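Trainee: Quick one: the structure is below, questions incoming.
The values are calculated or read from the model by the stated rules, or taken from the named source; none is laboratory data. Please read these numbers as outputs of a predicted model, since none were measured by experiment. Here the Cβ is made from the backbone with ideal geometry for all residues, glycine too, and neighbour counts use every protein chain on show. What goes into the accessible areas is simple: the full protein's heavy atoms, side chains included, and nothing from ligands, DNA or RNA. Shrake-Rupley method; radii C 1.70, N 1.55, O 1.52, S 1.80 Å.
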Amino acid sequence: MDKKVKKQVAKLILKKASTYINTSMVIFMLSLFLVSTSFLFLFKQYIQVDKDFISNDNVRMIEITGKDEHGNHSRSLKIYDENKLRSILSKYKGIRIYTMYQLNFGVEDEKGNRYFIYGVDEEAARFLGNCQLDAGVACSKLKTSQINLQIPIVQVEDGGMSSHVRSKFLVKNKQGILQKNPFTLYTEDEGMFTSHTLYVGKQTFQNIIEIAFRTNWSEFQREYDQHNPFGVEIVKSMYIYVDNISDIDRIAKRLEEHGYHVRYTFKAFHDFTLSLRNTAVIASLLSIIIVMIAAAYLIFSFRAYLQVQQKDMGILKQYGYSSENIKSIYSYNIFHIFKNAATIIFLYSIVIGMYLIPTDQFLYIGYVMFILLLIILLVYRIIVKNVLHSYCSKNIMVLLKLSKEFE
């Protein structure tokens, strides 16, 4: 059939479209608006949760601050506890153990400025921020490029420690510490984020210890773990980084069973994630139910409309139009109705999505539009392939007879 003729006939038939088709189409579009808005809000919430929680290194870190021995006697951490932790958690994959060292006394530079030094495994420097703790490098909030530390040579005495000699120790300084990092999450750790705080790598920290106590690290470590004659507590805390969030609770409980004192932020989020998951499920189910009801109403409306159109279909067949020609004419109108609806829905989703979704996450808008397209295509296919096809397949006498009965 000539496309121009089909278009003219389709326009004439479209003028006879009943108001309840337009009404049902509006209801269907409103349901799609609701689906679009609901999913965009859910994606926005997911992006925020992923940023603040799922992809947040702070949440994946378990801090160990001490250990209970037999008889509920609590002790500070020893250097050898790191190996004990590896043994306890050997069955878990994707975990890394870091030790945070500290000097219990301040160290001055050549200008008299006093600094508090913390040492951490070089691999853990990424958690501090934009830091790379190579040998002889420190990371701090200071803008100066290098610091000439005056390491005190410590004399351990019965009454404590004393120092009368200092040794120069030059470190390169780099900025880049994040205020919110896994090592400064709690109120008592806020002192680790000041202009007087220096972070160094484990190797550099060991060099400082060797200078201060005139020993080598192996000997210092052995004596420190056995009876600690040095009068300092250099192990501030240990950290377990867990790749798999679902393992965090189990790992923390296992550590507690072995007497270790643990702190971790995931515990505070547990109920929140469950609530968020339930909210997402309920919102999705409600959206699906609303769309199903609106789609069913739209399909029945088109069925009623086509039932009224039976007489016109019969007349067209009398003029020599085939069932395929008639189906093509009516599907042309239905297609344009759905195309206009889809255009409006997509424009709405883009505008709302640009307001709700960050620019680097616009792919989520595409997901929503894909879901909407599937819904629209499914309803369109049911109407054209099932409802319209059933009417166009009837012969002339049936169409004319049924149209009179309907009238």
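Trainee: Per-residue ellipticity at 222 nm for the chain, helices alone: DSSP H runs ≥ 4 residues times -39500 (n - 2.57), over residue total, nearest 500 deg cm²/dmol?
Mentor: Numbers: 13 runs with 207 residues, N = 407.
Result for the chain: -17000 deg cm²/dmol, rounded to the nearest 500.
Trainee: Which net charge results when you count Lys and Arg as +1 and Asp and Glu as -1 among the other residues whose beta-carbon is under 14 Å from that of VAL165? If you can, show how the numbers build up before the last one.
Mentor: Working: positive: ARG166, LYS168, ARG214; negative: GLU108.
With Lys, Arg at +1 and Asp, Glu at -1, the net is +2.
Trainee: Of the chymotrypsin sites (Phe, Trp or Tyr not before Pro) in the stretch 275-322, which ones lie in a loop per DSSP and count no more than 11 other C-beta atoms within 10 Å?
Mentor: TYR319
Trainee: Now, a different point. Quick one: net charge of ILE79's neighbours, Cβ under 14 Å, K/R +1, D/E -1? Intermediate values should be presented prior to the final figure.
Mentor: On the way: positive: LYS67, ARG75, LYS78, LYS84, ARG86, LYS202, ARG222, LYS236; negative: ASP81, GLU82, ASP121, GLU219, GLU223, ASP225, GLU233.
Around ILE79, the charge tally is +1.
Trainee: On to the next question. Determine the relative contact order of the chain: mean sequence separation of Cα pairs under 8 Å and six or more apart, normalised by residue count, in whole percent.
Mentor: Details: 539 pairs, mean separation 103.0, N = 407.
Dividing the mean separation by the residue count of the chain yields 25 percent.
Trainee: Magnitude of the Cβ-charge dipole of the chain, K/R +1 and D/E -1, about the Cα centre, nearest 20 debye?
Mentor: Details: 48 positive and 37 negative charges, 687 e Å.
Dipole magnitude for the chain comes out near 3300 debye.
Trainee: Mind checking which helices in the chain clear 18 Å along their axis (Cα) and have mean Kyte-Doolittle hydropathy of -1.0 or more, DSSP H runs only?
Mentor: On the way: long enough: 19-49 (45 Å, 1.31); 266-308 (63 Å, 1.33); 323-356 (48 Å, 0.80); 363-381 (27 Å, 2.37).
Qualifying helices: 19-49, 266-308, 323-356, 363-381.
Trainee: Here's something else I'd like to know. How big is the chain on each of its three principal axes, counting only the C-alpha atoms and giving the largest first in Å?
Mentor: So the extents along the principal axes, rounded to whole Å, are 116, 50, 29.
Trainee: Can you check how the C-alpha radius of gyration of the stretch 78-167 compares to 2.2 N^0.38 Å, as a plain ratio? Write down the numbers at each step before the final one.
Mentor: Numbers: Rg = 17.0 Å, N = 90, 2.2 N^0.38 = 12.2 Å.
Taking N as the residue count of the stretch 78-167, the ratio is 1.40.
Trainee: Measuring with a 1.4 Å probe in the full set of protein chains, what accessible area per residue, in whole Å², belongs to the chain? Please list the in-between numbers first.
Mentor: Details: 21890 Å² over 407 residues.
Result: 54 Å² per residue.
Trainee: Taking all protein chains as present, what is the carbon and sulfur share of the accessible area of the stretch 329-371, in % to the nearest whole number, probe 1.4 Å? Write out the running numbers ahead of the final one.
Mentor: Numbers: 1740 of 2370 Å².
Within the stretch 329-371, the accessible surface is 74 percent carbon and sulfur.
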